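The values are calculated or read from the model by the stated rules, or taken from the named source; none is laboratory data. Since we're looking at a predicted model, the values are computed, not measured. Neighbour counts run over all protein chains shown; Cβ positions are idealised from the backbone, glycine included. Calculation scope for accessible area: heavy atoms of the full protein, side chains included, ligands and nucleic acids excluded. Shrake-Rupley method; radii C 1.70, N 1.55, O 1.52, S 1.80 Å.
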Amino acid sequence: MTTVTTPPTAAPDLGAIKARQRQTWASGDFHAIAALIVPVSERLCDAVDLRAGERVLDVATGSGNTAIAAARRLCDVTGVDYVPALLERGRRRAAAEGLPVTFEEGDAEALPVADGAYDVVLSTFGSMFAPDQDRAARELLRASRPGGRIGLASWSPEGWIGEVFRITGRHVPPPAGLRPPARWGTETGLRELFGDDVAALQMTRRSFDWRFASAQQYLHLFRTTYGPTLKAFEALDASGQEALAGDLLAAVERFNRSDDGTLVVPSEYLEAVLIKR
């Protein structure tokens, strides 16, 4: 009898994945998407009950949605991201509103901050995309002072964006061994990531309604401005692009709750408030 040995799966090259991710998020114009989801940041800042004068760090800030929301509450705010163009957009937005926000280039897995430097650490659909999820979680904890609050908004696997992730992954498979970003949008995932390092974990399932004039408007917006979708289409030939487009259009229509010819697409996310020990 011959024994067949299955070779072990090689660990993903997280450094190479991160380099590709940075290019992905720098492509297109992510701010065109971020501008639509500002209400999520406002809601997260209320969920963590920000107080004027608190030191706040917004991790993977993008073009500054959550950093700016925190600054509106008169906090001392720093936003960190690894895409310089998005940081510059955040600076312009904050300046236009007369809000003092510091924007710094940095990686969610290696934050350029001192241990325990912040009263509140936030991330809105940001840290969830870090390739090394355990390291990203440790960095959120490290940046927070003992007793400090960590506020997270993460897309859930069950919602529309979670379905978009699955569809895209079927057409352009992610690197083997990489854990799905939507793990952060589950209670099990957060408890695995933060474990006994937090004294309390409060989770609330929320829904954000995306609004589009049509399914075609949604598809055009995402495939031209949202880096992950843009890069997925670029990776496919013409027939592959047509198949991906068809599946994405079918999904957005399936989640649509509007009956007037436009689209109103609820997308579930998990809002979490953690208290560091």
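Structure data summary
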item	result
Mean separation of Cα contacts under 8 Å, 6 or more apart, over the residue count of region 59-125: relative contact order %	40 percent
Probe 1.4 Å, protein heavy atoms only - accessible area per residue of the chain in square angstrom	45 Å²
J(HN,Hα) series, region 186-197, from Karplus relation 6.51 cos²θ - 1.76 cosθ + 1.60, nearest Hz, glycine and proline x	10, 4, 4, x, 5, 5, 5, 6, 10, x, 7, 6
For Tyr226, distant residues with modelled amide H under 5 Å away	Asp29
Check: region 103-227 dipole with +1 on Lys, Arg Cβ and -1 on Asp, Glu Cβ, in debye	500 debye
Of all accessible heavy-atom area on the chain, the percent that carbon and sulfur account for (1.4 Å)	52 percent
Normalised contact order of the chain, rounded percent, pairs of Cα under 8 Å and 6 or more residues apart	22 percent
Extension reserve of the Gln216-Ala200 stretch, reckoned as 0.36 nm per residue once the Cα distance is removed	1.5 nm
Gain in span if fully extended, Glu192 to Thr102, counting 0.36 nm per residue against the direct Cα distance	29.2 nm
Stretchable slack from Arg91 to Ala32, in nm (0.36 nm times residue separation minus alpha-carbon distance)	19.7 nm
